[in-house]
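Q: Supplied in structure tokens, the structure appears directly below.
The values are calculated or read from the model by the stated rules, or taken from the named source; none is laboratory data. Treat the numbers as computed from the prediction; the structure is a model and nothing was measured. Neighbour counts are summed over all protein chains in view; Cβ atoms, including those assigned to glycine, are modelled from backbone coordinates with ideal geometry. Each accessible area value is taken on the protein alone, full model and side chains, heavy atoms only, with ligands, DNA and RNA left out. Shrake-Rupley method; radii C 1.70, N 1.55, O 1.52, S 1.80 Å.
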Amino acid sequence: MKTNFPFDNSFAQLGSGFFSHQMPEPSPKPELIAYNDSLSTELGIDAGDDRAAIFGGAMIPDGAEPLAQLYAGHQFGNYNPQLGDGRAVLLGEVVDIKGNRRDIQLKGSGRTPYSRGGDGKAWLGPVLREYVVSEAMHALGIPTTRALAAVSTGEEIYREAMLPGAIVTRVAASHIRVGTFQVFAARQQIDELQELCDYTLARHYPHANGPEGLLQAAMDAQAKLIPAWMGVGFIHGVMNTDNCQIAGETIDYGPCAFMDAFASDRVFSSIDRMGRYSYANQPDIAIWNMAQLATSLVPLMPDAESAVERFTTMLHEMKDHLRVEWLAVFAEKLGISQPDIEDGTLIADLLDLMETGGSDFTNTFAALNHGSAIDEITDRVAYNAWHNRWSARIKDEENPKALMARRNPVIIPRNHRIEQMITAAVEGDFAPFHRLNAALQTPFEDREDIDDLKRPPSTEEIVPATFCGT
């Protein structure tokens, strides 16, 4: 069967200063683990019988222009002047059936000029984690990169031990990051910086104008994204500027996780010892990341001093925007369609009750879909008082239960289930992976056959942290 990819590779036309041409390393024995048929249809592609070979890097489809992108970034607040795709190769862009450009990238496909001593490979665990979590985020309605395929490579990768190698195929609106702008601004390559700004506006924000318009559009996208994360208890883990995508999608599922017991200071990265990327700190980090984008865009403004003043004002306004979006998300979780300032107190009081008693984040809000979360709260007296206030608040709402049912999932990709899935897959059993992935495609649908996947971890099952990198 002939393959068909509607490639139209605009990023590859920007010039060699933005990337390095790079072929993926062919997998010695690629075998398909999973393929996202619905996404493939959406993209308008047909890999025919060559799926394993193409998405294992052993065959390059016609029209592809493989490359590794250049970028820099602040990592845990420290600037690294050159990063880039150290273990990923962009096959190219396709124009999907809706006319949108989408990147198709192989992640874990070998060394590139930006690998910095690494092998550029991925082992099976992070590949399956990214596949499951990114597709779960999509099903939850949160902007995200997508997973098109997972392929085992037939080789072993050394990390803490010898582990099976794998590649995940990631689909994104683009892979342009804050760090993509930072690298050219730091090098004072103003022509390239201007070209990147123009390209990004044309690709993602055609109705915005100039550097200020780009900054505002990127800020607005982040101001919607972060509260959406928080509404499902998601912690990204490494909100470095090289993991902050300009199009406003969630990208790079490394040490990420969904909270079980609610704790506002919860972190999941094994190296985040200071809590920089904790659950509650994510809005402030989004503003910090946008400040780095603003700094990178100042050289494109006609008057640097006035630009700094204007951009600073915009960043202060972003804090209010985040608060408004956060309030809207959590109000809907309580069945409130038009929140006011006082609703912020109602929400905060419930979160305090949850945190004090270690209530499960997902199950507490899911219980509200059925009328009461008292069984999820330790202090029942305090909960009853809160419940009375909440009932009085929503009594005039037209259909609060329907609103809550659309906002409060009953199932999330719990960290202990992901780890169990990975352990089984390493032993050659992919059934838990396929079952979990299938269940997560309808996260708002309550069914008895997924009761075990909904259950929070026992004490012995708790996974306290996940690790950076693949």
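Q: Considering only residues that are open to solvent by 40 Å² or more (accessible area, probe 1.4 Å) and closer than 30 Å to residue 398 by Cβ, look in segment 309-327 and name the one that is farthest from the chain's Cα centre (by Cα).
A: Looking at the filtered set, the residue picked out is 320.
Q: Moving on. Have a look at 375, 343 and point out the one that is farther than 22 Å from residue 140 by Cα and either in contact (Cβ under 8 Å) with a residue 24 or more places away in the chain or open to solvent by less than 10 Å² (accessible area, probe 1.4 Å) (or both).
A: That would be 343, the only listed residue that is farther than 22 Å from residue 140 by Cα and either in contact (Cβ under 8 Å) with a residue 24 or more places away in the chain or open to solvent by less than 10 Å² (accessible area, probe 1.4 Å) (or both).
Q: Tell me yes or no: at least one residue of segment 68-79 is more than 20 Å from residue 179 (Cα to Cα) and at pLDDT 95 or above.
A: Restricting attention to segment 68-79, the residues satisfying the condition of being more than 20 Å from residue 179 (Cα to Cα) are none.
Looking through segment 68-79, none of the residues is more than 20 Å from residue 179 (Cα to Cα) and at pLDDT 95 or above.
Q: Within segment 359-369, can one find any residue that is open to solvent by 60 Å² or more (accessible area, probe 1.4 Å) and either assigned to a helix (DSSP H, G or I) or touching a residue at least 24 places away in the same chain (Cβ under 8 Å) (or both)?
A: no
Q: Pick from segment 31-53 the residues that are farther than 21 Å from residue 10 by Cα and β-branched (Val, Ile, Thr): which of them is surrounded by the most Cβ atoms within 10 Å (Cβ to Cβ)?
A: The qualifying residue surrounded by the most Cβ atoms within 10 Å (Cβ to Cβ) is 33.
Q: Would you point out the residue of segment 154-206, among those that are touching a Leu at 6+ places or on another chain (Cβ under 9 Å) and of a type in the set (Ser, Thr, Tyr), that is farthest from residue 82 (Cα to Cα)?
A: By that ranking, first place goes to 205.
Q: Go through segment 422-442 and count every residue that is part of a loop (DSSP other than H, G, I, E, B) and open to solvent by less than 30 Å² (accessible area, probe 1.4 Å).
A: Of the residues in that region, 1 qualify.
Q: Name the one entry in 410, 463 that is of a type in the set (A, V, I, L, M), touching a residue at least 24 places away in the same chain (Cβ under 8 Å), assigned to a loop (DSSP other than H, G, I, E, B) and surrounded by fewer than 19 Cβ atoms within 10 Å (Cβ to Cβ).
A: Going through 410, 463 in turn, just one is of a type in the set (A, V, I, L, M), touching a residue at least 24 places away in the same chain (Cβ under 8 Å), assigned to a loop (DSSP other than H, G, I, E, B) and surrounded by fewer than 19 Cβ atoms within 10 Å (Cβ to Cβ): 463.
Q: If you go through segment 60-83 one residue at a time, do you hit one that is surrounded by 22 or more Cβ atoms within 10 Å (Cβ to Cβ) and among the acidic types (Asp, Glu)?
A: no
Q: Any idea which of 419, 445 is part of a helix (DSSP H, G or I) and out of contact with any Leu (no Cβ under 7 Å at 6 or more places or on another chain)?
A: Details: 445 fails: part of a helix (DSSP H, G or I).
Of 419, 445, the one residue that is part of a helix (DSSP H, G or I) and out of contact with any Leu (no Cβ under 7 Å at 6 or more places or on another chain) is 419.
Q: Specify which of the listed residues (161, 139, 202) is out of contact with any Gly (no Cβ under 7 Å at 6 or more places or on another chain), open to solvent by 20 Å² or more (accessible area, probe 1.4 Å), more than 29 Å from residue 419 (Cα to Cα) and hydrophobic (A, V, I, L, M, F, W, C).
A: Result: 202 is the single residue among 161, 139, 202 that is out of contact with any Gly (no Cβ under 7 Å at 6 or more places or on another chain), open to solvent by 20 Å² or more (accessible area, probe 1.4 Å), more than 29 Å from residue 419 (Cα to Cα) and hydrophobic (A, V, I, L, M, F, W, C).
Q: Can you spot a residue in segment 456-466 that is under 30 Å from residue 86 (Cα atoms), modelled with pLDDT under 95, among the β-branched types (Val, Ile, Thr) and within 26 Å of the chain's Cα centre (by Cα)?
A: Yes.
Q: So, one more: When you look at residue 95, is it touching an Asp or Glu at 6+ places or on another chain (Cβ under 6 Å) and either at pLDDT 95 or above or of a type in the set (Asp, Glu) (or both), yes or no?
A: yes
Q: I would also like to ask the following. Which of the residues belonging to segment 267-308 are open to solvent by 30 Å² or more (accessible area, probe 1.4 Å), in contact with a helix residue (DSSP H, G or I) (Cβ under 9 Å, 6 or more places away or on another chain), more than 14 Å from residue 241 (Cβ to Cβ) and in a loop (DSSP other than H, G, I, E, B)?
A: If the condition is that a residue be open to solvent by 30 Å² or more (accessible area, probe 1.4 Å), in contact with a helix residue (DSSP H, G or I) (Cβ under 9 Å, 6 or more places away or on another chain), more than 14 Å from residue 241 (Cβ to Cβ) and in a loop (DSSP other than H, G, I, E, B), then 280, 301 are the ones that fit.
Q: Is segment 174-187 home to any residue that is open to solvent by 40 Å² or more (accessible area, probe 1.4 Å) and either touching a residue at least 24 places away in the same chain (Cβ under 8 Å) or not acidic (Asp, Glu) (or both)?
A: Looking through segment 174-187, at least one residue is open to solvent by 40 Å² or more (accessible area, probe 1.4 Å) and either touching a residue at least 24 places away in the same chain (Cβ under 8 Å) or not acidic (Asp, Glu) (or both).
Q: Might you let me know whether segment 336-346 holds any residue that is in contact with a Ser or Thr (Cβ under 9 Å, 6 or more places away or on another chain) and either over 19 Å from residue 262 (Cα atoms) or of a type in the set (Phe, Trp, Tyr) (or both)?
A: Within segment 336-346, none of the residues are in contact with a Ser or Thr (Cβ under 9 Å, 6 or more places away or on another chain) and either over 19 Å from residue 262 (Cα atoms) or of a type in the set (Phe, Trp, Tyr) (or both).
Q: Continuing with this model, one more query. Would segment 216-226 turn up any residue that is on the phi > 0 side of the Ramachandran plot, modelled with pLDDT of 95 or more and under 13 Å from the mean Cα position of the chain (by Cα)?
A: No; the residues of segment 216-226 include none that is on the phi > 0 side of the Ramachandran plot, modelled with pLDDT of 95 or more and under 13 Å from the mean Cα position of the chain (by Cα).
Q: So is residue 116 touching a residue at least 24 places away in the same chain (Cβ under 8 Å), over 19 Å from residue 9 (Cα atoms) and out of contact with any strand residue (DSSP E or B) (no Cβ under 9 Å at 6 or more places or on another chain) or not? First the steps, then the outcome.
A: Working: touching a residue at least 24 places away in the same chain (Cβ under 8 Å): yes; over 19 Å from residue 9 (Cα atoms): yes; out of contact with any strand residue (DSSP E or B) (no Cβ under 9 Å at 6 or more places or on another chain): yes.
Spelling it out, residue 116 is indeed touching a residue at least 24 places away in the same chain (Cβ under 8 Å), over 19 Å from residue 9 (Cα atoms) and out of contact with any strand residue (DSSP E or B) (no Cβ under 9 Å at 6 or more places or on another chain).
Q: When the residues of segment 328-340 are narrowed to those that are small (Gly, Ala, Ser) and open to solvent by less than 30 Å² (accessible area, probe 1.4 Å), which ends up nearest to residue 224 (Cα to Cα)?
A: 331
Q: When you scan segment 381-402, how many residues do you find that are in a helix (DSSP H, G or I), within 19 Å of residue 334 (Cβ to Cβ) and either open to solvent by 20 Å² or more (accessible area, probe 1.4 Å) or out of contact with any helix residue (DSSP H, G or I) (no Cβ under 9 Å at 6 or more places or on another chain) (or both)?
A: The total comes to 13.
Q: Also: For segment 3-29, how many residues meet the condition of being in contact with a helix residue (DSSP H, G or I) (Cβ under 6 Å, 6 or more places away or on another chain) and assigned to a loop (DSSP other than H, G, I, E, B)?
A: Counting residues in segment 3-29 that are in contact with a helix residue (DSSP H, G or I) (Cβ under 6 Å, 6 or more places away or on another chain) and assigned to a loop (DSSP other than H, G, I, E, B) gives 1.
Q: State which residue is farthest from residue 136 (Cα to Cα) when the search covers only segment 378-421 and only residues that are acidic (Asp, Glu) and in contact with a Ser or Thr (Cβ under 8 Å, 6 or more places away or on another chain).
A: That would be 379.
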